[in-house]
1. Considering only residues that are among the small types (Gly, Ala, Ser) and within 24 Å of B:Thr112 (Cα to Cα), which ones fall in region B:29-65?
2. Might you check whether a residue that is free of Cβ contacts under 8 Å to residues at least 40 places away in the same chain and not in a strand (DSSP E or B) occurs anywhere in region B:124-142?
3. Of the conditions (1) charged (D, E, K, R); (2) within 29 Å of A:Leu184 (Cβ to Cβ); (3) in a helix (DSSP H, G or I), B:Lys244 satisfies every one except a single condition; which number is it?
4. Out of all the residues in region B:113-139, which are out of contact with any Leu (no Cβ under 9 Å at 6 or more places or on another chain) and within 13 Å of another protein chain (Cβ to nearest Cβ)?
5. Go through region A:134-189 and count every residue that is surrounded by fewer than 18 Cβ atoms within 10 Å (Cβ to Cβ), in contact (Cβ under 8 Å) with a residue 12 or more places away in the chain, within 14 Å of another protein chain (Cβ to nearest Cβ) and of a type in the set (S, T, N, Q).
6. Filter the helices (runs of 4 or more DSSP H) completely within region B:51-120 down to those with at least 1 residues that are of a type in the set (Phe, Trp, Tyr) and farther than 16 Å from B:Thr160 by Cα.
7. Is there a residue in region B:73-83 that is in contact with a Ser or Thr (Cβ under 8 Å, 6 or more places away or on another chain) and more than 19 Å from A:Tyr3 (Cα to Cα)?
Amino acid sequence: MNYNWNWGIFFEQSPEGTGSYADMLLSGLVWTIVTALCAWVIAFAVGSVIGVLRTLPSRAAQAIGNAYVELFRNIPLLVQMFLWYFVLPEMLPESWGTWLKQLPNAPFYTAVVCLGFFTASRVAEQVRAGIQALPRGQRMAGTALGLTTAQTYRYVLLPNAYRIILPPLTSEFLNNLKNTSVALTIGLLELTARARAMQEFSFQVFEAFTAATIIYIVINLLVVAVAGLIERRVAVPGR
Amino acid sequence: MRLRSLLPVLLAGLAASAGTASAQDLTGTLKKIKETGQITLGYRDSSVPFSYLDNNQKPVGFAMDICYKIVDAVKADLKLDKLEVKLNPVTSATRIPLIANGTVDLECGSTTNNVDRQKQVAFTNTHFLTANRFVAKKSSGLTKFEDLKGKTVVSTSGTTNIKMINEYNAEKKLGITILPAKDHAEAFLMVETGRAVAFVMDDVLLASLAASSKEPTAYAISTDALSKPEPYGIMLRKDDAPFKKVVDAATAAFYKSAESGPTYDKWFMKPIPPRDINLNLPMSDALKGAFAKPSDSPDPAAY
Amino acid sequence: MFSNFDFSVILNSWRYLFFDGMAFTLTLTALAAVGGVVLGTLIAMMRLSSVPVLPQIAKVYVNFMRSLPLVLVIFWFYFLVPYIGQWIIGAERPIQVGAFSSSLITFTLFEAAYFSEIMRAGIQSIPKGQGAAASALGLTYWQSMGSVILPQAFRNMLPVLLTQTIVLFQDTSLVYVLSITDFLGAASKIAQRDGRLVEMYLFAAVVYFAVCFIASLLVRRLQRRVAIIR
């Protein structure tokens, strides 16, 4: 194979002067994790609200919930990324747009918001499915106990629904983590972007991508392990 | 790994393209071209006026013209009746791996020829010389690299320019935020839309992008440069001496011929597509020298 | 709000957007979906096989692919496929693979991991007794798979397979990172050339939305008609 292997490359200085190529990849890993976690906070909060809306008796609430999910599921993530990054500032009043564009770390905030709302549509699907999978008696029992609708959701339905959907939520979290790489198109310096930059600076394509691949697999295994722990912690005893 | 399990799928696709004709004395790229009757040129989206897309989204430019001269020479050298030219888009980030892995045979664009890259790929004779500067909106008042302190700038990923601005930033501790963009047009857009205050790139590309923007007079190019004028070359695979010999001979003959001047003028002194803008960049003395005595040296001091 | 916008850029470029860009996107989606389902089915069969090691290989493959971001996989394959080809056919140099073939191989191999999970569920949805009955009738493994199990599994899983194909259609937009002219690539090239990115990106979003939304409505309709066979 006509390729000069050099596995020592990770310990060589990167041209950014902030350390070795290994440090460069690790800084990318930090951005990947921070972006994924921040986006997940939005996704979980918004997704739960939208998911609940879709299970309420109100037709209007259902319509809003459904519209949200259809909108965010039927446009490719990359296009959504461009809409938030390039299109949104031009649609706002000029002073707001300028402020938005000159935010330090604009790619990071954009990526968090974009991924958050995108993943929310998927979380909403799971939350809805989780609530609908519960026996109808639970809702009725809540009402019979004199709980309001909000209280029924807060104390009866949601705690049970989240337990059921923990495995699919884990896989949505992993998708969210992988999707942070799409933000490299708007300049976020996450792990895939750093691996690519390393390839460009050092020309060691396969070493750089191999390292990124291994890191992704390790994070996946860790997340799956942690999710398993949580699952056992929150399991309802005796079921 | 589990590559063996992919075998049947890949084989099916490849059997057709592998080719079986034998060409005895030839090796490397020339042999492949002879066998397949095809040569693949890599082109760029927005390296104006070297290699970019015209109104019909067809790749055109100064480097493309040079590449077609090389194609003619290869065809004559191999005594082929017909040589099919395939075009493959490349970006600054993908061009070197794609040359190395055989996806493209010649990269026709604006690739700086330097010592680092020569460890991975080869270059033919220099077709332009350009220095690393930045473009910014005039209204920003940025004229020198020091002015970029603490600001957000953009450069194209995979270029020597982004590497240099990173090194400069680290050395002078200026705290510049450097965004990587996929290609020059995208990077210029970042400045146009205010996402970054400046775009760090080869001055000739900056001048062309500014000239073809919506408001050419709104932009100014920095007064200082991060590098001496560095050579651009057409890229080809390394360690392929017979192919390089043909390519070098073709470019040398073209640069020395009476045709090179008018071809240069066609792209730099006359209106060019897509919007009939005239770049008005007369040939520098250094480039005249490089055309009179073609060279593939990566050393800026050689010109 | 739209006073500065010029939507004529879309009228001027629609032929390029659809005949070059969308044609690429649709061809890639269709071929990768077919390839992905075929390969995915084979992987699912490996996963459920009783032959030692085969299930483990299939599992490692699926989990491996599913833990990587598609963007990274696209870069990997664009650079690596020519070397793999060289290694397989024992050529003296990396074989030449164009942008389209490379994307096709990437998406086929990547989506196969996802399709295989669907097909696995499909095969498992068929009662074990049917396989037993088939072998009692003297059918070989391949005969019983080919004429008893798989046709039903396909039928049961068709809506899910099609939904995954819609996801695949959206995922193909990521070839943008290689400067390939798919629908989004074409839109962004026009956007950047004419400085009209607001109009072009909005238009791209509307087109993607329309295609995916209509397709998903059709899938839902189909879902109601195709009853699960048990």
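1. Within region B:29-65, B:Gly42, B:Ser46, B:Ser47, B:Ser51, B:Gly61, B:Ala63 qualify.
2. Yes; the residues of region B:124-142 include at least one that is free of Cβ contacts under 8 Å to residues at least 40 places away in the same chain and not in a strand (DSSP E or B).
3. Here B:Lys244 meets the rest and fails (2).
4. B:Asn114, B:Val115, B:Asp116, B:Arg117, B:Gln118, B:Lys119, B:Gln120, B:Lys137, B:Ser139
5. 2
6. The helices (runs of 4 or more DSSP H) meeting that bar are B:62-77.
7. No, there is no match, as no residue in region B:73-83 is in contact with a Ser or Thr (Cβ under 8 Å, 6 or more places away or on another chain) and more than 19 Å from A:Tyr3 (Cα to Cα).
Listed here are the residues, each with its yes/no results for (1) within 23 Å of the chain's Cα centre (by Cα); (2) at the interface with another protein chain (Cβ under 9 Å from one of its Cβ atoms).
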{"site": "A:Glu200", "(1), (2)": "no, yes"}
{"site": "A:Ala212", "(1), (2)": "yes, yes"}
{"site": "A:Tyr216", "(1), (2)": "yes, yes"}
{"site": "A:Ile219", "(1), (2)": "yes, yes"}
{"site": "A:Gly228", "(1), (2)": "yes, no"}
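The values are calculated or read from the model by the stated rules, or taken from the named source; none is laboratory data. This structure is a prediction, so every number in the text was calculated from the model and none was measured. So basically every Cβ, Gly included, is an ideal-geometry build from the backbone, and we count neighbours across all protein chains shown.
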